[in-house]
1. Quick check: is even one residue across the range 228-241 surrounded by fewer than 17 Cβ atoms within 10 Å (Cβ to Cβ), among the small types (G, A, S), over 20 Å from R149 (Cβ atoms) and touching a Pro at 6+ places or on another chain (Cβ under 7 Å)?
2. Pick out, from the range 167-211, the strands (runs of 3 or more DSSP E) lying fully within it that include 3 or more residues that are touching a Cys at 6+ places or on another chain (Cβ under 8 Å) and either in contact (Cβ under 8 Å) with a residue 24 or more places away in the chain or in the same structural domain as F242 (by TED's automatic domain parsing) (or both).
3. Do we have R158 as closer than 17 Å to F257 by Cβ, touching a Phe, Trp or Tyr at 6+ places or on another chain (Cβ under 6 Å) and among the basic types (K, R) here?
4. Condition first: in contact with a helix residue (DSSP H, G or I) (Cβ under 9 Å, 6 or more places away or on another chain) and surrounded by fewer than 20 Cβ atoms within 10 Å (Cβ to Cβ). Now tell me which residues in the range 153-170 satisfy that.
5. Filter the range 242-261 down to the residues that are exposed (fewer than 11 other Cβ atoms within 10 Å of the Cβ) and among the acidic types (D, E) and list them by number.
6. Return only the number of the condition from (1) among the β-branched types (V, I, T); (2) modelled with pLDDT of 85 or more; (3) outside any helix (DSSP H, G or I) that I105 does not satisfy.
7. When you go through A119, A163 one by one, which is the residue that is modelled with pLDDT of 85 or more, of a type in the set (G, A, S) and over 16 Å from L275 (Cα atoms)?
8. Can you tell me which condition D253 does not meet? The list is (1) under 21 Å from E152 (Cα atoms); (2) outside any strand (DSSP E or B), and all the others hold.
Amino acid sequence: MASSLEQTECPECGQIVHYQPQRWKAQVVCSNCQETFAVEPGANSPAAASGKTPLPSHLQSPSQNVGSSPAIPDETTTTALNYKRSKAGGPLIAGLVILVFVVVIGAGVIYLVQLDSVAKSKGNDNTSDGDKDVPAEINYLLAGKKKGRLGEVEVAIRKVEYAPLRVKDQNFKVHDSSEMVVQVYLELRTKRMEETVYTSWYGNLFERGDAEVEATLQDETGRLCEMPVYEGVSRVQGNTPFAKLEKNQKINDCIIFSMPEGVGITDIKELRLKLPMETVGSVGDIYFKIPRDDIKLYN
């Protein structure tokens, strides 16, 4: 009976189907997908041409069915299975671009608002022109412990005494004053390649723009000490009125101050010294604080 059967391939799933040959079109039902299709009389399948007669699917073993794959669809089926490009890609990219643009614009607006706020704050500052020259926060160096430096010039305080002043008169005779004064002994050193011209802080004013500046000493409450200058005195002990310094050369100097009227050395906690660096041709100040316990008292 098997030899009288013919076989063909199911156009839907590719399964080999056996059927009884007819003189007219035969209606065949696929045993795999149940598709019904017509077969012309005498039509031969690829499997029949090869001389092999596969068993119907319901007679095949499970191992023979495993791995069988449907036939490659024809052109019409391929066209129907083509994937279409998603229409969501364009709007998504456009949305991301708009989001980035909004974030950048927002950040720029915030920055401009902050900048304007800072500018208005500075514009509403009621500080006078004179006060703007005073640093908002002064960095005081501890006398005897720290050196001050501005550019390539260093300044240090070697010692501070509260004692009578020793001077020489015009006849080079030494005198001790009856007045007790604060005597600040300084050491100055330059690291400049070129020659440095030094003019003592004691008894001198220096030009800074349209103003004049000088060395000042005050206590922690702001009470100012005066810088006394004596007539008929040719030399104050330790003072160097003028000097020219080469690189790495040091020079010592002494500047003198009187305590505020009615204030003794024991009435203060510390003294604060400001040294304008126009003394060596620079611009700016060096600040020192001198604790009362570090001031040597006259015995």
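The values are calculated or read from the model by the stated rules, or taken from the named source; none is laboratory data. All values reported here derive from a predicted model rather than from experimental measurement. Glycine also receives a Cβ, built like all others from the backbone with ideal geometry; neighbour counts cover every protein chain displayed.
1. There is no residue in the range 228-241 that is surrounded by fewer than 17 Cβ atoms within 10 Å (Cβ to Cβ), among the small types (G, A, S), over 20 Å from R149 (Cβ atoms) and touching a Pro at 6+ places or on another chain (Cβ under 7 Å).
2. Numbers: elements: 174-190, 196-199, 206-208.
Output list reads 174-190.
3. Details: closer than 17 Å to F257 by Cβ: yes; touching a Phe, Trp or Tyr at 6+ places or on another chain (Cβ under 6 Å): yes; among the basic types (K, R): yes.
Taking the combined requirement at face value, the residue satisfies it.
4. K159, Y162
5. Matches in the range 242-261: E261 only.
6. (3)
7. Values: A119 fails: modelled with pLDDT of 85 or more.
Result of the check over A119, A163: A163.
8. Unmet condition: (2).
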